[in-house]
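The values are calculated or read from the model by the stated rules, or taken from the named source; none is laboratory data. Note that this is a predicted model, so its numbers are computed, not measured. All Cβ positions, glycine included, derive from the backbone under ideal geometry; neighbour counts span all protein chains shown. Just the protein is used for accessible areas: all its heavy atoms, side chains included, with ligands, DNA and RNA removed. Shrake-Rupley method; radii C 1.70, N 1.55, O 1.52, S 1.80 Å.
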Amino acid sequence: GVIECIEGARVSLHRGGQKVAEARSDPYGDFRFQGLDEGSGRYRIEILDERFEPKRHEFDLGVSTYLGTIELTGKPAARV
């Protein structure tokens, strides 16, 4: 039940099946992509971090898009 910001997660941006950009989340869990055309349509982000299950999120790009809080699910602990 604890909310924490994930620094250093790899966030890739995809459009039409192609990866078009990649970023890393900052200490506050924020990330951004520059140079996208306003109103350019449907995109998908994929968030990867070794501590969490991969996460995908689709959205339509307007002028600027705020995706809000994206919750990640922790990976189960490894058995020894």
- Viscosity 1.567 mPa s, temperature 4 °C, Stokes-Einstein D of the chain from Kirkwood C-alpha radius, µm²/s: 95 µm²/s
- How large is the charge dipole for the chain, taken about the Cα centre, if only the Cβ atoms of Lys, Arg (+1) and Asp, Glu (-1) carry charge, to the nearest 20 debye? 340 debye
- Over segment 22-69, what is the mean sequence separation of C-alpha contacts under 8 Å (at least six apart), divided by residue count, expressed as relative contact order in percent? 31 percent
- Note on the structure: Given the candidates Ile3, His57, Phe31, the one whose Cα lies deepest towards the positive end of the charge dipole of the chain, counting +1 at each Lys or Arg C-beta and -1 at each Asp or Glu C-beta, is His57
- Task: Please report, as a whole percent, how much of the solvent-accessible surface of the chain comes from carbon and sulfur atoms (probe radius 1.4 Å).
- Result: 46 percent
- Within segment 42-80, report the GluC sites (Glu not before Pro) that DSSP leaves as loop and that have at most 10 other Cβ atoms within 10 Å. Glu50, Glu71
- Item | Around Gly17: net Lys/Arg minus Asp/Glu count, Cβ-Cβ under 15 Å | +3
- Per residue accessible area of the chain, 1.4 Å probe, in Å²: 78 Å²
